[in-house]
Ligand SMILES: [Zn+2]
């Protein structure tokens, strides 16, 4: 059976020209190479998955190429280029500061810097996640960065530029990598799909690109996942199911309901969304983005800022034609307010329902509102009602409003928290945002947990091999509904795990349950195991010398200090 290679690795760019979305940086670096204006230290900043390490590698390969093309791309054929592509080049050294952040690690690196390159002109040292270096490690590194040998070039990469100390910043040429646009990601995915013989609906690729949030690596791993889920025919409907993305269709319908002052319909759509297990807060911000996207369609000049697939773009244009700009402005003001108040709200569901009501009354007059609305609704203290926003609309000349459908639901019923009217049996536990019954209670099995856990560990394999193997070492245990235990070996590991697994936790929250927590539990280590686990540098040396006495002699003779 043919081995599956993840797309992020299979289609890793080999030239500046093939790096998606970073053409300016590529051009600047090529220019520097051409003119021989190389700096000794570069700092590549930007969000994860946008090509920082890839560009660093291409840069290292290109400056060492013996026969670069006139476009300043590496030839791919000379001895240096071949050693790069076969992974046996000694001109490039990579250090993941996330897992090697001690002074010892940096000292080892500094030792390496003393050795000039064998083939090629430059030795390139790529330090990934450089903000993770301990301050002692930073200081140990500073001296080398200040006076590097002529052949050494450092490329520091970070997602968090603000954590880099000024003394380092001032010694580096800084490049800011941008998020990759949805359109760029889509066209790259299209390319890959074609090469892989996968047919995709354009809107499906668009959803993947949006979900990836500017990171090509994420886009590719989502793409792989979707293909393994959907097979060789990737459809929009299957993708939104698999990725748990709210269909645009809901927002279109909701906007129609709001525009026609049909708040009952709006409530029913919102309820449908909650019942599908979507998070209420995501819903609000999604609605806000939807309004924003409609607004972008109001003028041809802003049309390019709409980052959706063709079919959906057409829907946006249609809806935009029906919504005047002042309506959009007010709608966005109302949803924005809801977003800001959401966190502090004692009853978020009520807040959202009031927001929908407010939205439904845009462009109408208060005195024409249904009579119930004139009364102060009996809301619990602590909940900010939206009545202020409603009272604002006191301009004269009332416009008649279409009558809301006379459904059996009265406003007061609706203002009651859902729990009182439609309590489901499993809604006993309430989370602090009060939406427990519909959103948070997405149960998941240990099997699903293990599956998502492993999927995550696999996706970071190339980038963070150590962390990945650590995560794959055991199976996470689901000890209660949302509490996960994972064994670790020592207290020091706990700190490391807590630091480096934010993305993992986020992934679990996204895919399983938003209130999931992971506890790192120090497990018992048998004395037998202690022998086989070599932690410190000294442990390692002791182990080696015990296996071969000659090494011990060498160490003594040369007075090596291995600490
Ligand atoms: Zn070459």
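A compact table of results
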read-out: Condition check for residue 293: surrounded by fewer than 17 Cβ atoms within 10 Å (Cβ to Cβ), assigned by TED's automatic domain parsing to the domain that holds residue 364 and at pLDDT 90 or above; value: no
read-out: Single residue of 111, 129, 146, 86 found to be free of Cβ contacts under 8 Å to residues at least 12 places away in the same chain and more than 16 Å from residue 60 (Cα to Cα); value: 111
read-out: Single unsatisfied condition, residue 52 versus (1) in contact with a helix residue (DSSP H, G or I) (Cβ under 8 Å, 6 or more places away or on another chain); (2) modelled with pLDDT of 90 or more; value: (1)
read-out: Selected residue (criterion: nearest to the chain's Cα centre (by Cα)) from residues of segment 1-29 that are exposed (fewer than 13 other Cβ atoms within 10 Å of the Cβ) and part of a loop (DSSP other than H, G, I, E, B); value: 5
read-out: Filter result (surrounded by 22 or more Cβ atoms within 10 Å (Cβ to Cβ) and touching a residue at least 60 places away in the same chain (Cβ under 8 Å)) within segment 222-253; value: 223, 248
read-out: Contacts under 6 angstrom Cβ, first residue in segment 541-561 being outside the structural domain of residue 104 (by TED's automatic domain parsing) and modelled with pLDDT under 75, partner surrounded by 13 or more Cβ atoms within 10 Å (Cβ to Cβ) and assigned to a helix (DSSP H, G or I), 6 or more apart; value: 544/551; 545/551; 545/552
read-out: Qualifying residue in segment 349-367 (condition: in a helix (DSSP H, G or I), crowded, with 16+ Cβ neighbours inside 10 Å and either modelled with pLDDT under 50 or more than 37 Å from the chain's Cα centre (by Cα) (or both)); value: yes
read-out: Residue check, residue 41 in contact (Cβ under 8 Å) with a residue 40 or more places away in the chain, more than 15 Å from residue 153 (Cβ to Cβ) and crowded, with 19+ Cβ neighbours inside 10 Å; value: no
read-out: Boolean, residue 207 is within 25 Å of residue 55 (Cα to Cα) and either in the same structural domain as residue 54 (by TED's automatic domain parsing) or surrounded by 20 or more Cβ atoms within 10 Å (Cβ to Cβ) (or both); value: no
read-out: Residue check, residue 497 outside the structural domain of residue 127 (by TED's automatic domain parsing), surrounded by fewer than 17 Cβ atoms within 10 Å (Cβ to Cβ) and closer than 30 Å to residue 50 by Cβ; value: no
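The values are calculated or read from the model by the stated rules, or taken from the named source; none is laboratory data. Only a predicted model underlies this, so the values are computations on that prediction, with no experimental measurement involved. Here Cβ is always computed from backbone atoms with ideal geometry, including for glycine, and neighbour counts include all displayed protein chains.
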